[in-house]
Amino acid sequence: MIRCPDIRRAELELEAAKLDVLAARAEFFPSLRLTAGIGYEAFNAPLLFSTPQSMLYSAAGELLMLVFNRKAINAGYFSSNARQTQAVVEYEQAILNGYIEVVNELTRISNLEKSFLLKSEEVDVLRQSINIANVLFKSARADYMEVLLTQRDALNSRMELIETRKEQWEAMVNAYRALGGGWQ
């Protein structure tokens with residue numbers, strides 16, 4: 001069962017279009033309608049409500065001939081076929097869009113994983129540089145401003161690492177959603 005709401009909607013519209021074509025095709029076959037009626041009819045006003053003389057009974061059978069409505073039936077059939085063709089195209093487009101969305105999210109997850117690994121290495125290197133800057137400061141080879149700048153760079157790098165991880169989780173949620181997860 002398809003769980004993506006946009007693909008499911010397109011699938012149901014395609015099924016409805018198929019049923020419309022079947023209904024239009026059924027119009028080509030003759031139909032028989034029986035009707036019956038009863039009422040008062042009189043050409044003479046005083047006899048209008050006198051029951052036996054003014055009662056009109058009718059029983060009529062209608063056989064709709066295809067000859068009379070041929071063009072209208074053909075137009076309805078071709079219109080239904082066109083709507084079905086449009087529904088097929090929309091269904092294929094919905095599937096293609098769903099596929100592209102999933103591939104894009106999986107690619108984004110992969111790219112963010114690579115970025116996360118690079119940022120992790122950068123954080124490790126900057127932690128080491130903080131230790132080196134502290135040693136240089138203690139040995140009077142660097143001023144405290146260099147230590148602060150190194151700590152600032154390390155903090156910015158950690159913040160970018162956290163942001164990258166957050167984007168990675170968001171991409172996983174988007175991929176899950178694109179696959180139809182979470183929809184009922």
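Read-outs: derived from the displayed coordinates by stated rules, not from any lab. As the structure is a prediction and not an experimental result, all values here were calculated from the model. So basically every Cβ, Gly included, is an ideal-geometry build from the backbone, and we count neighbours across all protein chains shown.
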* Asked: Which whole-angstrom value gives the distance between the alpha carbon centres of region 106-130 and region 140-184?
  -> 9
* To do: Would you work out which of 155, 140, 172 lies farthest towards the positive end of the dipole of region 87-183? Charges go on Cβ: Lys and Arg +1, Asp and Glu -1.
  => 140
* Near residue 114, which aspartates and glutamates are there with a Cα under 16 Å away, not counting those fewer than 8 places off in the same chain? -> 105, 122, 124, 160, 163, 167, 170
* To do: Compute the Rg to Rh ratio over region 68-160 from the alpha carbon atoms, using the Kirkwood formula for Rh, and round to two decimal places.
  => 1.68
* Structure fact -> Quick calc: nm separation of the 7 Å Cα→Cβ label points for residue 82 and residue 176 -> 4.5
* To do: Work out the FRET efficiency for residue 18 and residue 103 from their Cβ-Cβ distance, taking R0 = 25 Å, and round it to the nearest 0.05.
  => 0.25
* In order through region 79-93: 3J(HN,Hα) via Karplus (6.51 cos²θ - 1.76 cosθ + 1.60), integer Hz, x for Gly, Pro -> 5, 5, 5, 5, 5, 5, 4, 5, 5, 5, 5, 5, 5, 4, 5
* Treating cross-link reach as a plain straight distance, find the lysines whose alpha-carbon is under 27 Å from the alpha-carbon of residue 138, omitting any fewer than eight places away in the same chain. => none
* Asked: What is the sum of charges around residue 152, taking Lys and Arg as +1, Asp and Glu as -1, for the other residues whose C-beta is under 15 Å from the C-beta of residue 152?
  -> -3
